[in-house]
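Inspection log for the structure reproduced underneath, given as structure tokens.
The values are calculated or read from the model by the stated rules, or taken from the named source; none is laboratory data. This one's a predicted model, so the numbers in the text were calculated from it and none came from an experiment. Please note: Cβ atoms are built from the backbone with ideal geometry, for glycine as well, and neighbour counts cover all protein chains shown.
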Amino acid sequence: MSAEQRKDFVQELKAREKDEPIASFLDMKLVEFMPGYAKVSMPVKKEYLNFNGYIFGGIIMSLVDQAFAYATNSLNFPSVASQVNIHFMAAPDVGDELIGECRVLKSGRRAAVSEMTVTGKEGKLIAKATGTTIPVNDTGR
């Protein structure tokens with residue numbers, strides 16, 4: 001696949017960002033985006049607390065998934081996640097701004113492997129994840 005085709009995927013995905021319901025609901029913003037890489041931010045709200053008083057892990061996973069989706073689909077669109085493994089390292093505080101980043105480590109015709117991190121605005125490591133995606137067809141479109 002040519003660099004120009006990948007650039008087209010980036011432009012198409014950027015155009016879709018403003019109409020994405022889950023990103024709007026969780027107040028996620030695409031901060032940086034290029035083929036094979038995405039950075040997404042999200043505020044930590046009190047509504048995200050679980051019964052233990054910590055941020056619900058699914059909220060953090062949502063940020064991981066958003067960065068993962070943008071980065072992998074920028075190389076082979078459309079692709080879907082087939083596996084994600086996440087390690088929660090620390091709990092963020094309400095009012096913090098989380099940054100989710102994804103780097104595609106390997107993108108092939110049948111699968112892609114990525115690495116994701118979530119940090120707080122001060123650089124505190126919140127979570128580390130890896131994931132695999134599969135393209136839904138051979139041509140990427």
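For the range 78-113, residues that are in contact with a strand residue (DSSP E or B) (Cβ under 7 Å, 6 or more places away or on another chain), over 15 Å from residue 40 (Cα atoms), small (Gly, Ala, Ser) and surrounded by 14 or more Cβ atoms within 10 Å (Cβ to Cβ) total 5. Restricted to the range 1-101, the set of strands (runs of 3 or more DSSP E) holding at least 1 residues that are in contact with a helix residue (DSSP H, G or I) (Cβ under 6 Å, 6 or more places away or on another chain) and hydroxyl-bearing (Ser, Thr, Tyr) comprises 37-43, 79-88. Of all the residues in the range 9-57, those that are of a type in the set (Gly, Ala, Ser) and more than 13 Å from the chain's Cα centre (by Cα) number 4. Of all the listed residues (62, 107), the sole one being at pLDDT 95 or above and of a type in the set (S, T, N, Q) is 62. Restrict the check to the range 110-122 and report whether at least one residue is in a helix (DSSP H, G or I) and over 27 Å from residue 134 (Cβ atoms). No, that holds for no residue. Note on the range 30-43: among residues that are under 14 Å from residue 64 (Cβ atoms) and not basic (Lys, Arg), the one that is surrounded by the most Cβ atoms within 10 Å (Cβ to Cβ) is 40.
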